[in-house]
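The values are calculated or read from the model by the stated rules, or taken from the named source; none is laboratory data. Please read these numbers as outputs of a predicted model, since none were measured by experiment. Neighbour counts are summed over all protein chains in view; Cβ atoms, including those assigned to glycine, are modelled from backbone coordinates with ideal geometry. Heads up: the accessible areas ignore ligands, DNA and RNA and are worked out on the full protein's heavy atoms, side chains in. Shrake-Rupley method; radii C 1.70, N 1.55, O 1.52, S 1.80 Å.
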Amino acid sequence: MITLRPKDSVGKYTVQYFIKEGLYDSTYKVTDESGSTFFMKLYDPSLVPAGLLDDGVPTEIIALRKISHPNLISYVADGTLKIDGSECWYLVTDYFMGSLLSDSLNSGKTYTEETVRSIMAKVLDGLDYLSGAQDLCHNDITPRNIILDVVEKDGVMPRIIDFGHVHEPFS
């Protein structure tokens with residue numbers, strides 16, 4: 001797996017630290033020149049399955065470029081960089097505080113019926129936007145792909161993450 005180190009530069013972003021490794025990508029916390037914080041996903045071109053590429057670009061990047069919804073992770077930027085002779089795509093998305101729904105459930109955290117209804121309604125609203133307005137299918141909705149973002153006004157805001165398996169439903 002291709003990896004970055006703290007203080008490595010990628011375009012206008014500086015790596016702060018490694019977060020996690022996926023099957024064909026690694027995720028980092030990064031900052032830009034103004035000190036704003038973001039997530040960055042770096043794709044290892046030798047590991048990304050051909051079915052998750054469109055003209056060599058990860059389909060996750062293509063999908064996130066065209067969507068905008070409060071219950072979906074937000075696209076910020078993307079690009080390529082050369083590492084060890086390989087051209088690697090990277091994706092920058094907004095950064096948020098919170099926890100994976102799966103982590104909350106596994107820790108034994110309980111929610112009121114009202115909170116569960118609110119979370120589910122917002123997740124479904126995000127999915128409705130994807131399938132309706134954008135004609136996309138996320139294809140991997142699980143508690144580990146829903147972040148409960150901490151927001152002051154509404155308490156928690158569920159946000160669907162990880163669009164690595166997104167596709168057009170009948171293509």
As an exercise: evaluate V48 against (1) open to solvent by 50 Å² or more (accessible area, probe 1.4 Å); (2) more than 22 Å from V150 (Cα to Cα); (3) assigned to a loop (DSSP other than H, G, I, E, B) and give the number of the one condition it does not meet. (1)
Search result, residues across the stretch 109-147 that are closer than 22 Å to E168 by Cβ, open to solvent by 50 Å² or more (accessible area, probe 1.4 Å) and part of a loop (DSSP other than H, G, I, E, B): A133, D135, N139, I141
Taking the stretch 117-144 and the residues there that are within 28 Å of E21 (Cβ to Cβ) and without any contact (Cβ under 8 Å) to a residue 40 or more places away in the chain, the one that is farthest from the chain's Cα centre (by Cα) would be I119
Log entry, pairs with first residue in the stretch 55-68 being in contact (Cβ under 8 Å) with a residue 12 or more places away in the chain, second being in a strand (DSSP E or B) and among the hydrophobic types (A, V, I, L, M, F, W, C), beta carbons closer than 6 Å, six or more apart or on different chains, reads P58/W89; I61/L91
All but one of (1) assigned to a loop (DSSP other than H, G, I, E, B); (2) closer than 26 Å to V156 by Cβ; (3) open to solvent by 60 Å² or more (accessible area, probe 1.4 Å) hold for Y17; which doesn't? (1)
Output for the stretch 1-46, where each listed residue is within 18 Å of V166 (Cβ to Cβ) and out of contact with any Ser or Thr (no Cβ under 9 Å at 6 or more places or on another chain): G22, L23, D25, T27
Where a residue in the stretch 89-107 is closer than 18 Å to V123 by Cβ and its partner, wherever it lies, is open to solvent by 50 Å² or more (accessible area, probe 1.4 Å) and aliphatic (A, V, I, L, M), with Cβ under 7 Å and at least six apart: T93/V76; D94/V76; G98/V150
